[in-house]
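Structure, as structure tokens:
The values are calculated or read from the model by the stated rules, or taken from the named source; none is laboratory data. What you see is a predicted model; the values in this text were computed from it and never measured. Please note: Cβ atoms are built from the backbone with ideal geometry, for glycine as well, and neighbour counts cover all protein chains shown.
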Amino acid sequence: MSNDILFLAEFAVGRPARSALELATGAAELAAASGGTAVGLAYGSGATGGAAALGAHGAKHVVVLGDEDRPAITFAGAAAAAVGASAALALLAPATPNGRDLAAALVGLLDLPAFGPVRAARVVDGVVETEQATLQGSVITTARPVDGAPTPSVVLVLPNTFTPAEGGTGTAEVTTGADVGGSPFGKAKVVESHEADARVANLDEANVIVAGGRGVGGEEGFALLRDLAEVLGGAVGASRAAADAGWIAYQLQIGQTGKVVKPQLYIGAGISGAIQHKVGMQTAEHVVAINRDRDAPIGEFADLYVVGDLFQIVPALTEEIRRRKGGA
Amino acid sequence: MKIVVCIKQVPATGADKRYTDDLRLDRSSVEAIINPLDEYAIEQALRLVDSGGADAVTYLSMGPEQAAEALRRALAMGGDDAVLVTDPALAGADEWATAVVLAAALDKLAPDIALMGMASDDARGSLVPGAVAARRGLPLLSYGAELAVDDGAARIRRLSATGFDWIEAPLPVVATVTDQVGEPRYASLKGIMAAKRKPLETWSLEDIGVDAGTLRGGALTRVTDSRPPEDKPPTERIENVAAVEAATRVADWLAARKLI
């Protein structure tokens with residue numbers, strides 16, 4: 001009987017990614033419905049030391065695949081061995097480049113059904129069921145594995161699909177994954193590393209994102225957005241146009257070829273809302289747009305649309321929020 | 001040094017889409033294009049030829065017969081020849097089945113680099129490249145903002161959490177590139193004429209040695225429901241007011257939703 005729920009727990013730069021906490025809780029939720037337990041497959045630097053603490057978010061057991069920052073797919077041999085040894089119904093993977101690559105290797109190595117990126121996953125009558133926005137968000141589809149499909153089902157999960165359980169005191173049992181030598185994936189090696197702009201924040205972890213586009217005009221404009229993000233306790237993001245212009249690091253690009261984000265609040269300033277950007281933020285809970293153009297496409301899917309000059313409105317809003325929060 | 005670029009024909013961005021009775025996209029009813037992100041892979045391959053880093057470019061696609069149009073369009077941009085894998089058993093193929101088929105076709109073509117776009121416009125799972133690499137037992141170099149080849153190895157420049165890395169693997173490899181590799185070229189009139197004479201082969205599952213029976217009907221997944229997105233409440237608008245007034249009203253709106 002396959003009823004455990006596996007999840008990929010990404011670590012980097014010594015600590016767990018927010019996705020690891022979200023998926024630990026998500027896996028525990030699915031496991032409660034399937035009658036199994038949540039089991040993490042952890043990789044990246046900090047995995048050994050941080051694995052047990054995933055128990056506080058729902059994991060019962062964590063297998064550490066490796067404790068260094070390198071392309072996740074290079075852990076595929078150990079991951080496949082751990083998946084093969086499990087009796088799991090599903091494997092939840094973060095919809096990040098590394099999460100996708102490792103999930104993809106498992107699909108190819110073990111002939112597994114693949115879903116996602118999904119905005120919801122659940123277990124219904126012992127079967128995995130997922131919900132996905134496809135075709136640029138124009139259709140919502142529900143999908144399941146075919147009868148008799150191999151397990152586990154591999155499910156790519158969007159950020160903020162699950163909310164990490166807090167306040168738990170559990171400790172996950174930690175084991176070390178089998179080191180599988182000779183995997184072809186290991187032939188890919190990092191030969192050079194370069195540090196970028198120190199201001200690069202992790203968009204996956206932000207509950208509030210203030211994003212700027214072409215209309216922001218340059219680095220000075222982004223300084224205004226940074227002030228607003230700071231007073232809201234959030235991070236700055238950007239459209240591809242702003243990243244291509246060199247005003248901001250590519251790590252902060254949101255959209256089809258950047259990050260897919262799902263913050264509680266997204267504020268877009270000087271962003272027209274082209275489909276390529278929309279697919280990266282359309283699942284944000286609240287969308288506020290500030291744009292000089294009263295007919296920009298973002299007006300069609302924003303919850304609140306402010307027509308006006310961002311160079312005046314953004315600083316005024318920063319000031320107003322700071323005043324209400326009782327700051328200087 | 002031979003490159004095979006895998007391309008997918010997808011419905012045009014923003015095109016009106018229809019579904020068949022079994023909830024699959026009706027691909028015959030919509031305007032079809034080369035998946036826009038695949039065009040960056042094509043561009044990267046052609047740049048490697050231009051710079052002398054590669055000798056030949058072949059395009060590979062899996063799809064219905066009309067996907068040959070996408071291959072002709074790619075050939076008009078440049079490159080040498082193309083292969084379409086088409087088979088009735090592949091209608092509705094999922095990512096797993098697509099990877100099985102592409103991997104088998106690539107085994108036959110045996111390129112030094114199998115190159116793909118980073119995602120497809122209509123599915124966005126980005127799982128096919130890694131699954132193909134796994135099936136072929138090759139390293140994967142993914143999400144390259146740049147691809148370079150020399151001395152029997154390929155390297156990509158890839159964003160990291162705090163900057164970027166160069167990642168290298170010995171050939172042969174499977175690689176994917178992002179839209180940062182440079183804007184795709186347009187097909188010239190001369191290129192369009194030349195494309196008509198370039199070889200385009202059609203292969204069946206039998207030709208690539210895949211038994212249709214092992215494909216389980218082309219998918220390990222099935223769509224059980226398909227519907228329009230939930231209706232959102234209409235957009236509230238603030239306009240024709242001074243910046244300070246607009247800021248106050250936005251702050252009120254945020255406060256009412258406990259966002260500040």
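Worth a mention:
- Candidate set from segment A:240-256 (those that are surrounded by fewer than 22 Cβ atoms within 10 Å (Cβ to Cβ) and assigned to a loop (DSSP other than H, G, I, E, B)); member that is farthest from the other protein chains (Cβ to nearest Cβ): A:TRP247
- Filter result for A:ALA165 (farther than 30 Å from B:ARG216 by Cα and crowded, with 22+ Cβ neighbours inside 10 Å): no
- One residue stands out among those in segment B:229-260 that are facing chain A (nearest Cβ under 7 Å) and over 24 Å from A:GLY234 (Cβ atoms): the one that is surrounded by the most Cβ atoms within 10 Å (Cβ to Cβ), which is B:PRO229.
- Some residue of segment B:203-211 being polar (S, T, N, Q), surrounded by 12 or more Cβ atoms within 10 Å (Cβ to Cβ) and at pLDDT 95 or above: yes
- Residue match in segment A:272-279 (condition: touching a residue at least 40 places away in the same chain (Cβ under 8 Å), in a loop (DSSP other than H, G, I, E, B) and not assigned by TED's automatic domain parsing to the domain that holds A:ASN160): yes
- Residue match in segment B:205-214 (condition: under 18 Å from the mean Cα position of the chain (by Cα) and outside any loop (DSSP other than H, G, I, E, B)): no
- Residue within segment A:100-107 that is closer than 18 Å to A:ASN160 by Cα, within 14 Å of chain B (Cβ to nearest Cβ) and surrounded by 24 or more Cβ atoms within 10 Å (Cβ to Cβ) present: yes
- Within segment A:198-217, restricting attention to residues that are under 27 Å from B:GLY144 (Cβ atoms) and within 8 Å of chain B (Cβ to nearest Cβ), the residue that is surrounded by the fewest Cβ atoms within 10 Å (Cβ to Cβ) is A:ASN202.
- Which listed residue is within 12 Å of A:ALA211 (Cα to Cα), surrounded by fewer than 24 Cβ atoms within 10 Å (Cβ to Cβ) and within 11 Å of chain B (Cβ to nearest Cβ), from A:VAL287, A:VAL279: A:VAL287
- Verdict on A:ARG322 being touching a helix residue (DSSP H, G or I) at 6+ places or on another chain (Cβ under 7 Å) and under 19 Å from B:ILE238 (Cβ atoms): no
- Some residue of segment A:25-33 being of a type in the set (Asp, Glu) and crowded, with 23+ Cβ neighbours inside 10 Å: no
- Annotation: of all residues in segment A:148-162 being of a type outside the set (Phe, Trp, Tyr) and more than 9 Å from every other protein chain (Cβ to nearest Cβ), the one that is nearest to the chain's Cα centre (by Cα) is A:PRO159.
- Residue within segment A:67-77 that is assigned to a strand (DSSP E or B) and either surrounded by fewer than 24 Cβ atoms within 10 Å (Cβ to Cβ) or under 21 Å from the mean Cα position of the chain (by Cα) (or both) present: no
- Test: residue in segment B:72-82 that is at pLDDT 95 or above, assigned to a strand (DSSP E or B) and farther than 30 Å from A:ASP204 by Cβ: yes
- Counting only residues that are assigned to a helix (DSSP H, G or I) and either away from every other protein chain (no Cβ under 12 Å) or surrounded by fewer than 24 Cβ atoms within 10 Å (Cβ to Cβ) (or both), segment A:81-98 holds 6 of them.
- Some residue of segment B:211-218 being facing chain A (nearest Cβ under 8 Å) and of a type in the set (Asp, Glu): no
- Any pair with Cβ under 8 angstrom, 6 or more apart, that starts in segment A:99-118 at a residue that is in the same structural domain as A:VAL146 (by TED's automatic domain parsing) and ends at one that is surrounded by fewer than 24 Cβ atoms within 10 Å (Cβ to Cβ) and among the basic types (Lys, Arg): A:GLY108/B:ARG135; A:LEU109/B:ARG135; A:PRO117/B:ARG124
- Segment B:18-42 - residue that is surrounded by 20 or more Cβ atoms within 10 Å (Cβ to Cβ) and more than 14 Å from every other protein chain (Cβ to nearest Cβ) and, of those, modelled with the highest pLDDT: B:ILE42
- Residue, surrounded by the most Cβ atoms within 10 Å (Cβ to Cβ), within segment A:218-239, restricted to residues that are assigned to a loop (DSSP other than H, G, I, E, B) and away from every other protein chain (no Cβ under 12 Å): A:SER239
- Of the candidates A:SER86, A:SER34, A:SER45, the single residue that is modelled with pLDDT of 95 or more, of a type in the set (S, T, N, Q) and assigned by TED's automatic domain parsing to the domain that holds A:THR176 is A:SER34.
- In summary, A:ALA103 fulfils each of the numbered conditions (1) outside any loop (DSSP other than H, G, I, E, B); (2) farther than 24 Å from A:PRO16 by Cα with the single exception of condition (2).
- Answer from B:ASP107, B:ASP151, B:ASP87, B:ASP94 - the residue that is charged (D, E, K, R), farther than 21 Å from A:LEU252 by Cα and under 19 Å from the mean Cα position of the chain (by Cα): B:ASP94
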